[in-house]
1. Every residue in segment 200-219 that is small (Gly, Ala, Ser) and at pLDDT 80 or above, please.
2. For Leu190, indicate whether it is aliphatic (A, V, I, L, M) and at pLDDT 90 or above.
3. Going by the structure shown, is Thr164 buried (at least 22 other Cβ atoms within 10 Å of the Cβ), of a type in the set (S, T, N, Q) and touching a Phe, Trp or Tyr at 6+ places or on another chain (Cβ under 9 Å)?
4. Go through segment 214-240 and report how many residues are over 15 Å from the mean Cα position of the chain (by Cα) and part of a loop (DSSP other than H, G, I, E, B).
5. Among what's in segment 137-169 and is out of contact with any helix residue (DSSP H, G or I) (no Cβ under 8 Å at 6 or more places or on another chain) and not hydroxyl-bearing (Ser, Thr, Tyr), pick the residue that is nearest to Val227 (Cα to Cα).
6. For segment 99-142, how many residues meet the condition of being small (Gly, Ala, Ser) and either exposed (fewer than 11 other Cβ atoms within 10 Å of the Cβ) or at pLDDT below 90 (or both)?
7. Would you say Phe35 is at pLDDT 90 or above, within 21 Å of the chain's Cα centre (by Cα), more than 22 Å from Met111 (Cα to Cα) and of a type outside the set (Lys, Arg)?
8. For segment 170-198, which positions are over 18 Å from the mean Cα position of the chain (by Cα), within 14 Å of Phe91 (Cα to Cα) and assigned to a helix (DSSP H, G or I)?
Amino acid sequence: MRHVTDIAGRELRGLFVSPVAYGVLSLFAVLSGVFFIASTAFFAEWLMRLQSFQAFDELARWNLNDQLIGQFFQSMAMVLLFLLPGVTMGFFAAEKTQGTQELLFTSPLTMWDIVLGKFLAGAVFALLLVTIVGAYPALLFVYGDPEFGKTLAGLLGLVLVSWTYVAIGVFASSLTRSQVLAFLITFVLLILLMVLPALAQIGGGGASGLGDLLRWLSADTHLAELVKGLVDTADLAYFVVMTGIFLVLTKASVESVRWR
């Protein structure tokens with residue numbers, strides 16, 4: 001375990017030595033603020049409209065979690081889809097370009113030490129980003145009355161989906177020496193995971209077993225359930241399985257390079 005944390009620390013130091021980490025954190029903080037303000041303004045505007053039309057039944061169904069915080073969390077998951085590939089793209093690709101990958105392979109480290117260390121670095125950075133997201137709904141607990149459990153479940157979903165994105169990004173970085181190509185591979189894979197339910201509908205598999213499978217494979221499907229406050233072991237298992245699969249694929253990819 002010490003080797004894993006050593007590698008994670010090395011990767012995190014590398015991120016913060018370069019302007020990448022500061023750029024991503026700053027951009028994400030700004031985008032989070034913009035999305036939160038937009039979500040709050042939309043929520044307030046619709047409340048006033050419903051009150052003006054005296055739609056009291058609809059007003060009774062409106063709450064901060066479902067119509068504001070949940071929408072905000074899902075919007076930020078989309079933003080993470082664009083930003084996290086930029087963080088993970090150099091984890092293995094940069095090693096190949098700089099010629100330091102051979103040093104890792106000849107060091108007294110197991111392949112799992114290397115893979116898990118790099119994943120841990122990305123997971124910690126993703127956790128920093130989710131912490132920024134969590135700071136905005138925290139303001140609503142001062143001025144409003146959102147549900148704590150549902151908010152916490154939504155944040156858990158955002159953490160899990162970001163860690164899945166990191167695992168996919170680490171895998172993509174292990175496939176190539178080009179950081180740009182690693183970014184594009186990660187982005188395409190993440191977009192594919194997001195649009196799988198729509199592909200099932202287009203292909204006419206909406207009501208079939210294939211449609212159910214494609215919906216299960218979509219990260220957005222499971223995030224939506226957690227954002228609603230429904231913490232189901234099936235949804236938690238999805239993120240664990242997907243993260244594990246891509247870490248195993250990363251190990252296989254790195255080993256194939258090692259023995260060439």
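1. Matches in segment 200-219: Ser218, Ala219.
2. yes
3. On the way: buried (at least 22 other Cβ atoms within 10 Å of the Cβ): yes; of a type in the set (S, T, N, Q): yes; touching a Phe, Trp or Tyr at 6+ places or on another chain (Cβ under 9 Å): yes.
Taking the combined requirement at face value, the residue satisfies it.
4. 5
5. Leu152
6. Of the residues in segment 99-142, 3 are small (Gly, Ala, Ser) and either exposed (fewer than 11 other Cβ atoms within 10 Å of the Cβ) or at pLDDT below 90 (or both).
7. Spelling it out, Phe35 is indeed at pLDDT 90 or above, within 21 Å of the chain's Cα centre (by Cα), more than 22 Å from Met111 (Cα to Cα) and of a type outside the set (Lys, Arg).
8. Within segment 170-198, Ser174, Leu175, Gln179, Val180, Leu181 meet the criteria.
The values are calculated or read from the model by the stated rules, or taken from the named source; none is laboratory data. The structure displayed is predicted, hence computed values, not measured ones. Please note: Cβ atoms are built from the backbone with ideal geometry, for glycine as well, and neighbour counts cover all protein chains shown.
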